[in-house]
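Some notes on the structure that comes next.
The values are calculated or read from the model by the stated rules, or taken from the named source; none is laboratory data. Note that this is a predicted model, so its numbers are computed, not measured. Neighbour counts are summed over all protein chains in view; Cβ atoms, including those assigned to glycine, are modelled from backbone coordinates with ideal geometry. All accessible areas refer to the heavy atoms of the entire protein, side chains included, with ligands and DNA or RNA removed. Shrake-Rupley method; radii C 1.70, N 1.55, O 1.52, S 1.80 Å.
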Amino acid sequence: MNRTRRIAHVLPFAIPLAMNLVLLPGLAAAQASNVTLYGKLNVDLESLSNGDTRKQRVSSNSSLFGLRGEEALGGGLSAFFQIESSVGVDTGSGTLAGRSSAVGLKGSAGRLLMGQWDTPYKNVTLRLDPFTNKTFAAYAAVLYGNNSATAANAVNRQSFDRRQKNVLQYWTPEFQNGLKARFAYGVGEEKGTCAVACSPSMWSAAASYDSGPLALMAAYERHDEYANTATVTTRDSAVKLGAQYRWGDTAINAVAEQLDYRGNLAATGLTRTFAPGAAPGVTVHNYWGAVTHRIGVHQWRAAYGRSADLSLHAPGGTATDTAMRYWALGYGYTASKRTELYVMYARIDNAANAASDFGINGVGGVGNGNHPTGFGMGITHSF
């Protein structure tokens with residue numbers, strides 16, 4: 001089967017790129033391809049407490065290596081791929097293609113990919129977190145349902161910090177003033193595999209605007225039928241707004257988020273103690289902000305966040321003492337373009353009916369009203 005016929009089989013799945021395919025002559029004449037090896041190792045020595053017990057550990061904070069490549073197909077259309085793997089530098093573990101990995105097409109109309117990838121909801125504000133959402137000090141302690149996951153539909157229901165399996169994504173090209181968007185659909189391969197009848201799916205969308213010192217972001221995600229019961233169909237959703245303002249070597253970042261869980265509240269996985277039978281749904285309001293300042297090779301980082309008491313749907317009211325607060329401080333020394341030495345400290349203050357842990361690399365064993373703390377010093381090296 002020649003290249004033109006293979007591309008024709010892709011057409012039904014590449015609607016945003018269809019005009020490229022229809023109008024491009026001579027697609028069979030492929031051009032040179034290239035493959036790049038890349039990676040980032042991020043390892044630190046930590047001392048953590050869950051409020052009762054203190055322990056030490058070495059953590060490999062989402063260390064990775066990957067391969068990415070691209071082949072010109074002619075007329076401005078290219079095929080591309082990425083295979084990104086986790087690397088447990090601390091234990092010698094790792095998973096081939098365990099991180100964002102996919103194959104797709106790109107052209108003047110944007111990109112279309114299929115595989116496993118960070119959702120648009122997760123991706124759009126990642127650059128705001130000065131702790132890169134990879135260490136215990138990450139903003140996932142407050143946002144995303146206080147949980148990070150690489151998961152298929154109907155798994156880790158509470159988490160909106162998702163690297164979604166079996167996903168189809170479309171990315172628009174960048175328009176004027178840095179305006180761009182991403183859309184994703186988590187294909188419902190899990191239909192019929194739940195304990196009760198279900199047809200789970202995931203929808204995610206995000207847009208960002210970046211012009212001069214100001215950047216704005218907005219995102220929405222929905223999880224359908226992730227935790228059905230025999231009598232209740234669940235639907236969970238999240239919406240967030242993000243912003244960054246930069247002047248000189250200083251940046252101020254902020255995110256406001258609302259999470260809604262509807263149906264079967266006993267299975268939300270939220271680290272709050274409340275009466276799940278008292279309402280058909282619950283809303284979580286999260287707020288987070290950070291400041292960074294660079295002086296030559298030195299960067300200072302500070303972040304603060306708060307998750308308010310849970311708001312109950314009809315008949316209304318709140319679940320008392322379910323709030324939590326988080327704050328983090330950090331310093332980084334830029335040893336070279338590819339290497340940084342850093343230290344960081346983070347703390348969570350839980351109300352009497354909250355047991356939130358760090359969203360990334362949690363310490364574990366956190367009970368209601370506990371105050372997890374962590375101190376770490378480490379190194380990142382990119383290649």
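Overview of results
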quantity	calculated
Of all accessible heavy-atom area on the stretch 78-179, the percent that carbon and sulfur account for (1.4 Å)	54
Label-point separation in nm, LEU216 to TYR185, each point 7 Å along Cα→Cβ	2.9
Å² of accessible area per residue within the chain, as computed with a 1.4 Å probe and no ligands counted	45
Lysines with Cα under 20 Å of LYS191, excluding same-chain neighbours fewer than 8 positions away	LYS165
Calculated FRET value between THR233 and THR95, using beta carbons and R₀ = 30 Å, to 0.05	0.35
Heavy atoms of GLU70: accessible area, 1.4 Å probe, square angstrom to 10	70
Options [x] 26, 57, 17, 1; [y] 29, 60, 11, 0; [z] 22, 46, 28, 4 - which one matches P(r) over Cα pairs in 20 Å bins from 0, in percent as calculated here	[x]
Shape category assigned to the stretch 161-282 from the gyration tensor of Cα positions, a/c cut at 1.5	oblate
Residue-averaged [θ]222 nm for the chain, counting only DSSP H segments that reach four residues, each worth -39500 (n - 2.57)	-1000 deg cm²/dmol
Protein accessible area in the stretch 316-383, 1.4 Å probe - carbon and sulfur %	58
Cα gyration tensor, the stretch 54-146 - rounded (a/c under 1.5), prolate or oblate	oblate
Positive-pole candidate from TYR331, GLY248, THR135, dipole of the chain, charges at beta carbon	GLY248
Inter-site label distance for LEU126 and HIS313 at 7 Å from Cα along Cβ, in nm	3.1
Virtual spin-label span in nm between VAL196 and THR172, 7 Å along Cα→Cβ	3.9
Magnitude of the charge dipole, the chain, Cβ model with Lys/Arg +1 and Asp/Glu -1, debye to 20	660
Most to least packed among 325-334, 210-219 [average Cβ atoms within 10 Å]	325-334, 210-219
C-alpha center-to-center spacing [the stretch 248-296, the stretch 102-139] in angstrom	19
Relative contact order (%) - the chain, alpha-carbon pairs under 8 angstrom, separation at least six	14
